[in-house]
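A short write-up of the structure that comes next.
The values are calculated or read from the model by the stated rules, or taken from the named source; none is laboratory data. Since we're looking at a predicted model, the values are computed, not measured. Quick reminder, even Gly has a Cβ in these numbers, built from the backbone with ideal geometry, and neighbours come from all protein chains shown. Please note that ligands, DNA and RNA were not included when accessible areas were found on the heavy atoms of the full protein model with its side chains. Shrake-Rupley method; radii C 1.70, N 1.55, O 1.52, S 1.80 Å.
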Amino acid sequence: MATINLYNISDEMNRVRKNVSGTKVAELSCHYKEPCSIEDPVVTLKRTNLNFNYAYLPELGRYYFVRDIQLMPGGIMEISLHVDVLMSFQNNIANSLLIAERSTNHPNMEIEDPYVRSQKTVKREVRKIADSPFSGRTYILMIGGK
C-alpha cells in the first residue's frame, strides 16, 4: 500500500516551481501496478469523483502529471502518470550554475539565437593621439562582428 497526493493545478507544464500549496484535493491510499516505472507509474485506487490533474508520490519522491484515468470493474480507478522532472528536481535546478540559452526579458547577445533579433549599430569615435609617429596621417580602425 502506498500514498498518493492529488492536486488540481493550473500552472504551465514547463514551469519549474508549480503552485501546489492550496491546490491539494486529497491524500489517498493506492497500489502500484507491477512492474512499476519511476518515470511513468500506473497506480490503482478506489474510485472517486474528485477533480485532479497532478499528483505526488511520496515513496518515489516525485511529482507527476496525470496522463489518463481509466475506470475499472469493482469500483477501481487506474491512473497513468508521467514524471514532472522540473518540479521533482526544482531545488537541483535552482542551485545549478548555468547559462540560459534563451530569455524573454534579458537575451544574451553573445549566444546565437535565431529567435532574438540583434540590432545593427554603428559607433564612430574620433580620437587624436598626441606625440605619435602617426601624427599628420589619418587611420581608420574598423571592428566588425556577427
Starting from the amide H of I76, placed 1.01 Å from N in the peptide plane, find each other amide H under 5 Å away whose residue is 5 or more places distant or on another chain.
-> R47
Set of aspartates and glutamates near K18 by C-alpha distance (under 16 Å), chain-local residues within fewer than 8 positions excluded = D84
Summarise the accessible area of region 33-105 (1.4 Å probe, protein heavy atoms) by the percent that is carbon and sulfur.
-> 50 percent
Using θ = phi - 60° and the Karplus relation 6.51 cos²θ - 1.76 cosθ + 1.60, list the HN-Hα couplings for region 39-48 in order, rounded to whole Hz, with x at every Gly or Pro.
-> 6, 9, x, 10, 10, 10, 8, 4, 4, 9
On average, how much area does the Cα convex hull of region 25-74 cover when viewed from any direction, in nm²?
-> 3.8 nm²
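On a full-extension model of 0.36 nm per residue, what is the gain between N105 and S10, subtracting their alpha-carbon distance, rounded to one decimal in nm? Write down the numbers at each step before the final one.
Numbers: separation 95, 0.36 × 95 = 34.20 nm, distance 2.32 nm.
Full extension from N105 to S10 adds 31.9 nm.
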Applying 1/(1 + (r/R0)^6) with R0 = 22 Å to the Cβ-Cβ distance of E34 and F89, what FRET efficiency is obtained, to the nearest 0.05?
-> 0.30
Whole-Å distance, taken between Cα centres, linking region 79-96 and region 1-58 = 13 Å
With label points set 7 Å from each Cα along the Cα-to-Cβ direction at R127 and R67, the distance between them in nm comes to 6.1 nm
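Over region 13-58, average the accessible area per residue using a 1.4 Å probe and give it in Å², no decimals. Before the final figure, lay out each step's value.
Values: 3050 Å² over 46 residues.
Ligands and nucleic acids excluded, the figure is 66 Å² per residue.
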